[in-house]
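Novice: If you scroll down you'll find the structure; I have some questions about it.
The values are calculated or read from the model by the stated rules, or taken from the named source; none is laboratory data. On a predicted model such as this, the values are computed, not experimentally measured, just so you know. Note that we place each Cβ from the backbone using ideal geometry, even for glycine, and neighbour counts take in every protein chain shown.
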Amino acid sequence: MVNNGLTDEKLVQRAAEGDKKAFEEIYDRYSGRLYNYFYRMLYQDEQLAKDQTQELFLKLVEKASQFHAERSFQTWIFSIANNMCKNIYRHEEVRKRAQNEMAVSLTSESGKTSDELDKRAFKKALKEELDGYDAERKSIFILRFKHHLSIKEIAETTGIAEGTVKSKLFYTLRKLSTQLASFNPK
């Protein structure tokens, strides 16, 4: 049975009925995006991101029948991922952050262009800023600008009112523009 043309919601229904190909298609569509989300939310820990991605798909196998087709699958799956991150934060008092990142040095990066060095420095500075934010604000930012979810989808995913999502994005962007002003090319 070919499932490529089906919506996510229809694929989940078929997966709940035991269609392995439908589950594989959902996995192919979402595993990379979910891994990336976990990676960014969980301190760029590759192993933890892989483990949580696999855990999420195990939950999906067990609970696919709990999905309601009138809801967006993307919103539903990211809601589960968001809740998993919250649980990890709740159960960990201290999370060891990556400390020994290599500094950008011109000698080791002599083959890089100035634009590449600037982009790399910006990404590092943005990551450090985001790591200083609470999990909710960081999650909203990543869902919006990395995964391109709409305000409505973010609100559904996080269980936060749309107005609050907009407000948190506004203040996050304002703070980031101040904190990362040195990267503004004016």
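Novice: Can you find, within the stretch 16-49, the residue that is surrounded by the most Cβ atoms within 10 Å (Cβ to Cβ) among those that are in a helix (DSSP H, G or I) and aliphatic (A, V, I, L, M)?
Specialist: 41
Novice: Whether any residue in the stretch 27-49 is more than 21 Å from the chain's Cα centre (by Cα) and not hydrophobic (A, V, I, L, M, F, W, C) is what I want to check.
Specialist: Pass one, the stretch 27-49, residues more than 21 Å from the chain's Cα centre (by Cα): none.
No, because not a single residue in the stretch 27-49 is more than 21 Å from the chain's Cα centre (by Cα) and not hydrophobic (A, V, I, L, M, F, W, C).
Novice: Helices (runs of 4 or more DSSP H) wholly in the stretch 67-154 with at least 2 residues that are closer than 17 Å to residue 36 by Cβ, modelled with pLDDT of 85 or more and not assigned by TED's automatic domain parsing to the domain that holds residue 17 - which ones? Break it down into steps so the answer makes sense when it comes.
Specialist: On the way: elements: 73-91, 114-131, 135-145.
Once the helices (runs of 4 or more DSSP H) in the stretch 67-154 are filtered for at least 2 residues that are closer than 17 Å to residue 36 by Cβ, modelled with pLDDT of 85 or more and not assigned by TED's automatic domain parsing to the domain that holds residue 17, what remains is 114-131, 135-145.
Novice: Do the conditions hold for residue 67, that is, is it crowded, with 20+ Cβ neighbours inside 10 Å and either closer than 19 Å to residue 148 by Cβ or touching a residue at least 24 places away in the same chain (Cβ under 8 Å) (or both)?
Specialist: no
Novice: Applying the selection to the stretch 25-53, what residues are among the acidic types (Asp, Glu) and modelled with pLDDT of 95 or more?
Specialist: 25, 28, 46, 51
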